[in-house]
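Following: one structure in structure tokens, then a few remarks.
The values are calculated or read from the model by the stated rules, or taken from the named source; none is laboratory data. Computed from a predicted structure; not experimentally measured. Every residue, glycine among them, receives a Cβ derived from its backbone with ideal geometry; neighbour counts consider all protein chains shown.
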Amino acid sequence: MNHETYIKRCIELALKAQGNTYPNPLVGSVIVHNGEIIGEGFHEKSGENHAEINAINSVTNKELLQESTIYVSLEPCSHFGKTPPCANKIIETGFKKVVIGTLDSHEKVNGKGKQIIEDAGIEVMSGVLEKECQELNKRFFTFHQKKRPFIILKWAESGDGFLDKDFKPTQIGNPLTKLFVHQLRSEEHAILVGTNTALTDNPSLTTREIAGRNPVRILIDFDLRVPGNFNIYNEESETIVFNSVKDMVEKNVKFIRIKKENFLENLMAKLYENQIQSVIVEGGSFTLQQFIDAELWDEAIIIKNENLKLSKGTSAPKFQNGNFETKIFRDNIIEFHKNL
Ligand SMILES: NC(=O)c1ccc[n+]([C@@H]2O[C@H](COP(=O)([O-])OP(=O)(O)OC[C@H]3O[C@@H](n4cnc5c(N)ncnc54)[C@H](OP(=O)(O)O)[C@@H]3O)[C@@H](O)[C@H]2O)c1
Ligand SMILES: [Zn+2]
């Protein structure tokens with residue numbers, strides 16, 4: 001087996017914790033001795049062991065470690081966070097070789113982890129399946145490099161281009177796409193809606209359909225028009241309300257005051273401050289259009305029900321992008337767009 005096979009396994013392991021590691025990255029690690037995997041681990045949750053440590057702990061015969069190679073999808077950390085640096089642990093253990101998927105652009109690591117290990121005389125190879133390892137942590141990398149969350153726009157539209165019927169909520173997707181949406185919500189850090197959507201749909205924005213963590217809910221409501229007994233305020237998850245009235249924390253709800261001028265820029269800065277690594281913007285049309293017009297998005301997911309005609313209602317956002325793939329979910333088509 002070659003290096004790529006083992007890094008692929010690291011990615012597979014890392015994905016087991018998808019949605020659960022914020023604000024930390026997804027990381028998997030594999031320990032190989034004489035062509036045989038003798039240990040595996042992944043980072044499960046912020047504050048708990050990093051992947052490398054879990055992999056080391058999983059090895060029964062520790063004497064083999066000095067003759068082994070450790071594979072890790074992301075550069076081992078070199079700073080004291082909630083746990084001591086993995087680079088030090090790797091040196092102490094005395095591995096023969098270290099193979100890294102991608103370096104860590106986080107300013108506290110950024111090549112330092114690799115350097116420390118090399119300086120200790122251990123052979124290090126990096127950049128194996130680099131693109132795949134960066135894709136695995138696209139949220140984490142975007143957050144640290146662009147100082148804003150990874151942004152996914154998402155909506156469902158009818159064949160004739162409407163988001164609702166007569167400006168009242170209506171079912172556009174099918175049960176299969178609904179399941180898909182709940183899965184998506186459990187993987188992203190937060191989910192954002194505008195005032196009208198919260199008022200007309202009264203969504204709870206949770207992941208009821210599947211087992212998974214609930215995203216942080218973000219509401220834009222300048223004049224605090226959405227009543228406190230609406231679902232978005234319930235205790236099923238945290239909620240952040242951007243408004244022009246107050247800065248305050250009340251149980252699971254954080255009110256953050258924000259200006260209307262340069263709104264998106266301010267919003268990105270506040271979300272960065274609050275360590276929100278990814279956001280699904282779920283609508284409505286007005287809110288989505290602002291992100292589209294500012295070209296402030298990384299991916300867009302559009303659910304289309306071609307056979308459904310709604311004739312009148314809120315028009316779908318105006319959106320054009322050539323770079324996308326489609327998947328068929330029974331009578332719905334989902335377009336997956338990337339902003340390159
Ligand atoms: N099919 C779907 O996927 C889907 C998804 C979501 C929603 N919907 C439907 O879409 C409809 C609502 O869409 P919508 O376009 O009317 O409304 P919306 O985007 O939910 O909310 C728009 C309102 O949010 C506030 N807002 C948001 N960003 C702002 C900004 N930067 N500056 C100022 N105000 C801002 C404003 O409220 P104020 O005027 O109070 O300041 C604005 O009128 C609902 O009927 C819902 O059912 C469909
Ligand atoms: Zn670490």
**OP:** Could you please find all residues in the stretch 125-151 being out of contact with any strand residue (DSSP E or B) (no Cβ under 9 Å at 6 or more places or on another chain) and within 16 Å of ligand 2 (Cβ to nearest atom)?
**Re:** His144
Original post:
Quick check: is even one residue across the stretch 127-148 away from ligand 1 (no atom under 16 Å from the Cβ) and among the small types (Gly, Ala, Ser)?
Top reply: yes
Subject >> Long-range neighbours under 7 Å by Cβ, at least six apart or interchain, first residue within 13 Å of Ala190 (Cβ to Cβ) within the stretch 250-275, second within 16 Å of ligand 2 (Cβ to nearest atom) and at pLDDT below 95 >> reply: Gln275/Pro23
**OP:** Quick one: in the stretch 1-59, of everything that is under 24 Å from the mean Cα position of the chain (by Cα), at pLDDT 95 or above and among the small types (Gly, Ala, Ser), which residue is surrounded by the fewest Cβ atoms within 10 Å (Cβ to Cβ)?
**Re:** Ala17
Original post:
Going by the structure shown, is Phe222 within 9 Å of ligand 1 (Cβ to nearest atom), over 22 Å from Ile152 (Cβ atoms) and not acidic (Asp, Glu)?
Top reply: yes
Original post:
Hey, does the stretch 97-110 have a residue that's buried (at least 18 other Cβ atoms within 10 Å of the Cβ) and part of a helix (DSSP H, G or I)?
Top reply: no
Original post:
Which pairs have Cβ atoms under 9 Å, sit 6 or more apart or on different chains, and link a residue in the stretch 218-243 that is over 15 Å from Pro203 (Cα atoms) to one that is aromatic (Phe, Trp, Tyr) and in a strand (DSSP E or B)?
Top reply: Phe222/Phe242; Leu224/Phe255; Phe242/Phe255; Asn243/Phe255
Subject >> Selection within the stretch 174-190 - among the hydrophobic types (A, V, I, L, M, F, W, C) and within 11 Å of ligand 1 (Cβ to nearest atom) >> reply: Val181
Original post:
In the stretch 262-340, which strands (runs of 3 or more DSSP E) lie fully inside it and hold 3 or more residues that are closer than 22 Å to Gln145 by Cα?
Top reply: 278-281
Subject >> Residue in the stretch 152-163 that is over 27 Å from Arg217 (Cα atoms) and within 16 Å of ligand 2 (Cβ to nearest atom) present >> reply: no
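Mind checking whether some residue in the stretch 184-191 is buried (at least 16 other Cβ atoms within 10 Å of the Cβ), hydroxyl-bearing (Ser, Thr, Tyr) and closer than 25 Å to Asn234 by Cα?
Among the residues of the stretch 184-191, at least one is buried (at least 16 other Cβ atoms within 10 Å of the Cβ), hydroxyl-bearing (Ser, Thr, Tyr) and closer than 25 Å to Asn234 by Cα, which makes the answer yes.
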Original post:
If you go through the stretch 43-58 one residue at a time, how many are more than 12 Å from ligand 2 (Cβ to nearest atom) and either under 12 Å from Asp104 (Cβ atoms) or touching a helix residue (DSSP H, G or I) at 6+ places or on another chain (Cβ under 6 Å) (or both)?
Top reply: 1
**OP:** Pairs only if they're at least six apart or on different chains, beta carbon under 8 angstrom, first in the stretch 81-100 and on the phi > 0 side of the Ramachandran plot, second of a type in the set (A, V, I, L, M, F, W, C); list them, first residue then second.
**Re:** Gly94/Leu65; Gly94/Ile122
Subject >> Residue pairs meeting the criteria (Cβ under 7 Å; at least 6 apart or on separate chains; first of a type in the set (Val, Ile, Thr), in the stretch 137-151; second modelled with pLDDT of 95 or more) >> reply: Thr142/Phe150; Thr142/Asp298; Ile151/Val279; Ile151/Val281; Ile151/Phe291; Ile151/Leu296; Ile151/Trp297; Ile151/Asp298
Subject >> Of the criteria (1) near ligand 1 (Cβ under 8 Å from one of its atoms); (2) at positive phi, which one Lys251 fails >> reply: (1)
**OP:** Only residues that are more than 8 Å from ligand 2 (Cβ to nearest atom) and surrounded by fewer than 24 Cβ atoms within 10 Å (Cβ to Cβ): list them for the stretch 69-83, please.
**Re:** Thr69, Ser78, His79, Phe80, Lys82
Original post:
Does the stretch 242-251 include one or more residues that are touching a strand residue (DSSP E or B) at 6+ places or on another chain (Cβ under 9 Å), in a loop (DSSP other than H, G, I, E, B) and within 19 Å of Asp164 (Cβ to Cβ)?
Top reply: no
